[in-house]
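Note sheet for the following structure.
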Amino acid sequence: MTSKENILAGLTHLLQKGGMARSACSAALLETIQPLLDAGVLAEERSGGGRCLAVRDGTALRQFMRRDFPNTAAGPGHTSRATGVARFRDSKTFASDTPEILSVRAWSEEALLKDGEPAGAARATAGHGVFSFLLNDHYSLRGPCALVENPAVFAQFERLRLPASLVICSGRGSVSRRLMDWLGANNAPDFSLLHLPDYDPVGMIEFTRLRARLGARAILYLPDDLGERFARFSNRSLLGKSKNQAMLAALRKTGLPEVRRVVSLMDSHNGCLEQEALLLTIG
């Protein structure tokens, strides 16, 4: 059971039995019922060699439960997020089962297949600029592909003139577990993934994850003028965060030479380079 399901079970026990041993209460339940203790709806009493909680106002306890733990049946077909709202007024109560929406841009109909046939991603890209789908195992990738994390590089990917038939926008700094699993399951012999992250500790950690999952099929994009771009456009404030410093310290021990190169640039310039800098012309 989730934490909120356990809390609801404890409240239900209190309501039905009129009390329960304090030692049987979780820390989360005790935190939840503190306002009820303060208001005299519940009382803590001595019981034998221990302490117990006793219900003093069942009507108020029932109202509290209806307000904060409605426990309404969501019915069949609803997602975990809708069920969480119905039962606990909190969409994050349960692990999400909502399908991930993946957006790609493609320039070859052979790059993205659905059940082994072209999915129409190149046609959609030509007509509408993007192709989106619910991520599942019906789809697969072929040939050289790329992965970026933000819409700016995604929307202008052609300007980089890279050898990729399709580019994926992860939409976040960290690649989701479901996306990572899907990428790892693509077994076409010609599939490869060129990774264009932010050149910062988070981006290098993400490439390390991709390399661990995809092996040599995952390639870090390192333009020849990356050092010059660091010199011109790197941001020192991004390395000031303690979390980034901790990740950078761990990355200095990496065995991946391409990551070591980026770490060296971060150290020498005392800054990070956001991937939008790849779109800028150096003249």
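Test each condition in (1) part of a loop (DSSP other than H, G, I, E, B); (2) under 16 Å from Arg261 (Cβ atoms) for Pro163 and report the one that comes out false.
Looking at each condition in turn, Pro163 falls short on (2).
From the list Arg46, Arg56, Arg142, which residue is at negative phi, at pLDDT below 90 and among the basic types (Lys, Arg)? Explain how you work it out, then say what you get.
Values: Arg56 fails: at pLDDT below 90; Arg142 fails: at pLDDT below 90.
Unique residue meeting the criteria: Arg46.
Show the residue pairs meeting these rules: Cβ distance below 6 Å; 6+ apart or different chains; first residue within region 107-118 and among the basic types (Lys, Arg); second residue not in a loop (DSSP other than H, G, I, E, B).
Lys114/Tyr139
Which condition number in (1) within 17 Å of the chain's Cα centre (by Cα); (2) touching a residue at least 12 places away in the same chain (Cβ under 8 Å) is the one that Ala155 fails?
(1)
Evaluate region 190-197: report whether one residue or more is modelled with pLDDT under 95 and surrounded by fewer than 14 Cβ atoms within 10 Å (Cβ to Cβ).
Within region 190-197 (the criterion being modelled with pLDDT under 95 and surrounded by fewer than 14 Cβ atoms within 10 Å (Cβ to Cβ)), the answer is no, since none of the residues qualifies.
Of everything in region 77-123, what is surrounded by 14 or more Cβ atoms within 10 Å (Cβ to Cβ), of a type in the set (Gly, Ala, Ser) and at pLDDT 70 or above? Give them in sequence order.
Passing the criteria: Ser103, Ala106, Ser108, Ala111, Ala119, Gly120, Ala121, Ala122.
What number of residues in region 125-137 are in contact with a Lys or Arg (Cβ under 9 Å, 6 or more places away or on another chain) and either under 17 Å from Arg217 (Cβ atoms) or at pLDDT 95 or above (or both)?
Selection size over region 125-137: 5.
Which of the residues belonging to region 205-220 are outside any helix (DSSP H, G or I) and either β-branched (Val, Ile, Thr) or touching a residue at least 40 places away in the same chain (Cβ under 8 Å) (or both)? Lay out the reasoning, then the answer.
Here is the first cut: in region 205-220, the ones outside any helix (DSSP H, G or I) are 218-220.
If the condition is that a residue be outside any helix (DSSP H, G or I) and either β-branched (Val, Ile, Thr) or touching a residue at least 40 places away in the same chain (Cβ under 8 Å) (or both), then Ile219, Leu220 are the ones that fit.
Report, by residue number, each residue of region 221-230 that is among the charged types (D, E, K, R) and in a helix (DSSP H, G or I). Quick ask: steps written out before the conclusion?
Here is the first cut: in region 221-230, the residues among the charged types (D, E, K, R) are 224-225, 228-229.
Residues satisfying the conditions are Glu228, Arg229.
Would you pick out the residues in region 214-250 that are closer than 22 Å to Met180 by Cβ, among the charged types (D, E, K, R) and buried (at least 16 other Cβ atoms within 10 Å of the Cβ)?
If the condition is that a residue be closer than 22 Å to Met180 by Cβ, among the charged types (D, E, K, R) and buried (at least 16 other Cβ atoms within 10 Å of the Cβ), then Arg217 is the only one that fits.
Among the listed residues Ser234, Ser242, which satisfies the condition of being within 22 Å of the chain's Cα centre (by Cα) and of a type outside the set (Lys, Arg)?
Details: Ser234 fails: within 22 Å of the chain's Cα centre (by Cα).
Only one candidate qualifies: Ser242.
If you go through region 224-283, how many residues are within 18 Å of Glu149 (Cβ to Cβ) and among the aliphatic types (A, V, I, L, M)? Walk me through it before giving the result.
Filtering region 224-283 down to residues within 18 Å of Glu149 (Cβ to Cβ) leaves 226, 229, 233-235, 238, 241, 243-244, 247, 251, 258-259, 262, 266, 272-280.
Add one more test, that the residue is among the aliphatic types (A, V, I, L, M), and what stays is 226, 238, 247, 251, 259, 262, 266, 273, 277-280.
Looking only at that region, the number is 12.
The values are calculated or read from the model by the stated rules, or taken from the named source; none is laboratory data. Everything numeric in this text was worked out from a predicted model, so none of it was measured. Neighbour counts run over all protein chains shown; Cβ positions are idealised from the backbone, glycine included.
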